[in-house]
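Input: a single structure, listed below in structure tokens.
The values are calculated or read from the model by the stated rules, or taken from the named source; none is laboratory data. Values in this document were obtained by computation on a predicted structure and should not be read as measured data. Cβ placement follows ideal geometry from the backbone for every residue including glycine, while neighbour counts extend to all protein chains displayed. In case anyone asks, the SASA skips ligands and DNA or RNA and just uses the protein heavy atoms, side chains included. Shrake-Rupley method; radii C 1.70, N 1.55, O 1.52, S 1.80 Å.
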2 protein chains.
Amino acid sequence: MPAYRGAMRFSKDSSAGYLVNDLARRFAAALQARIKPLGLSTGVFPVMVQLWEDDGLTQTELVRRIGVEQATMANTLARMQRDGLIARRRSKADGRVQEIRLTDRGKSLRGPAIDAALAVNDTALSSLSPEEREQFLGLMGKIIRTFDDGEGAAADD
Amino acid sequence: MPAYRGAMRFSKDSSAGYLVNDLARRFAAALQARIKPLGLSTGVFPVMVQLWEDDGLTQTELVRRIGVEQATMANTLARMQRDGLIARRRSKADGRVQEIRLTDRGKSLRGPAIDAALAVNDTALSSLSPEEREQFLGLMGKIIRTFDDGEGAAADD
DNA sequence: GGCATATACATAGCTAGCTATTATATTGCT
DNA sequence: AGCAATATAATAGCTAGCTATGTATATGCC
């Protein structure tokens, strides 16, 4: 019996972090299964979504929009280029910057890929009522905002 | 304008999968920040939780309880051993099996580590009312069960 | 013009997950 | 007893995230 008070109980089934992590893996696996046949993977998907909206973005802008680290994005883009999803071209206005453009193949995947993502969400939430789905999305948004708020301000204990 | 119907709209802010993935990364980062000083990391945490409950489990049993792939567990355990959290001893009853036991250091981390996890959950959910927290956990449980149900039965389209 | 600083991106090296394969020990059947 | 089948764990090799650091181009100031 450890001396710490309150630390005795830790049930994974009532730990938000535990469940969120579990859920994320399941969502990822489900999406993976549906988009792998298209030649896509989960890490690539958010980038494609942005490029389908606005082709020709820079790496920095993708990083800003997707919220992943720059190094992560650099590696993801390298794989995407290797796999023929994008092409990169140095800007002549600024030699540091690269415009990232979808290849024709990349463009062509928009419809089926988004359908796949929608299907995953729909299947996953199939046991929830419309109100519950709203609740779920709303609560997640609220939690994400909480994380964002406590970002610069180190409101420790 | 692609020909696919329904594929036009895809807002990440209303995609459960997108948000869950985002949330998982934030939870993991928050936990990491709190347990790294203890010499723990996120992947190790679930294993420690099980061993704090039942020391001496086998790899197979940990895999079963945590729901991660056997290869993932093997690697995690290797790091844990390297870092002095566990020791492994071959069972003399069955030479294939290893009993996994916490070191004294591993045992000693229980209190502070669980406190850290509880604090992360509490902070993350701080903007939710008690009812909302219940809802959130309940909805996640429901979704996880949905995933579990559609596991063997390929109820495709 | 030249140098310090800042910006954009790449690289190295880590954890953590995955699939697929291999190695080793046990069990079961004949 | 011997061999096939099974069970346990390890290894190889991939994606995807992270931190820290390196490299190249721009920009600002003197």
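Interface area, chains B and A: about 5500 Å² of buried accessible surface, summed, with a 1.4 Å probe and ligands, DNA and RNA left out. Rolling a 1.4 Å probe over the heavy atoms of the protein chains gives the range B:16-117 an accessible area of 49 Å² per residue. Label-point spacing at A:D13 relative to the other copies reads 3.6 nm, in ascending order, each point sitting 7 Å out from Cα along Cα→Cβ.
Need one number for the range B:58-123: average projected area of the convex hull over its C-alpha atoms, nm². Mind showing how you got there, number by number?
Details: hull surface 21.6 nm².
Over all viewing directions, the range B:58-123 projects a mean Cα-hull area of 5.4 nm².
Distance between the pseudo-spin-label points of A:E61 and B:L38 (7 Å out from Cα toward the beta carbon): 4.4 nm. Each part gets one Cα centre, and for the range A:57-125 versus the range B:67-123 those centres are 37 Å apart. Counting lysine pairs in the protein assembly as shown that sit 8 or more residues apart in sequence, or on different chains, and whose Cα atoms lie under 26 Å apart gives 13.
First obtain the Kirkwood hydrodynamic radius of the protein assembly as shown from its Cα pairs, then insert it into the Stokes-Einstein equation at 10 °C and 1.306 mPa s, and state the resulting D in µm² per second as a whole number. Can you show the working numbers first?
Numbers: Rh = 21.7 Å.
Diffusion coefficient, whole number: 73 µm²/s.
Magnitude of the charge dipole for the range B:16-117, about its Cα centre and with charges confined to Cβ atoms of Lys, Arg (+1) and Asp, Glu (-1), is about 280 debye. Projecting 7 Å from Cα along the Cα-to-Cβ direction, the label point of A:R64 sits 5.3 nm from its equivalents in the other copies, listed shortest first.
Can you pull out the trypsin sites (Lys or Arg not before Pro) in the range A:1-102 that DSSP calls coil and that have at most 12 other Cβ atoms within 10 Å? Numbers along the way, then the final one.
Values: sites: A:R5, A:R9, A:K12, A:R25, A:R26, A:R34, A:R64, A:R65, A:R79, A:R82, A:R88, A:R89, A:R90, A:K92, A:R96, A:R101; in loops: A:R5, A:R9, A:K92, A:R96.
Passing both the DSSP loop test and the Cβ count: A:R5, A:R9, A:K92, A:R96.
Residues of the range B:74-110 falling in the label zone of A:R25, defined by backbone nitrogen less than 13 Å from a point 7 Å along Cα to beta-carbon, are B:74-77. Please state the relative contact order of the range A:17-132 as a whole percent: Cα pairs under 8 Å, 6+ residues apart? 27 percent.
Using a probe radius of 1.4 angstrom, the carbon and sulfur fraction of the accessible surface of chain A is 51%. Interface residues of the range A:123-141, defined as those with an accessible-area decrease of at least 30 Å² between the chain by itself and the complete set of protein chains (probe 1.4 Å), are A:A124, A:S127, A:L128, A:E132, A:Q135, A:F136, A:L137, A:L139, A:M140. Among residues of chain B, the one whose beta-carbon sits closest to the B-to-A rotation axis is listed with its distance in Å as B:A24, 2.
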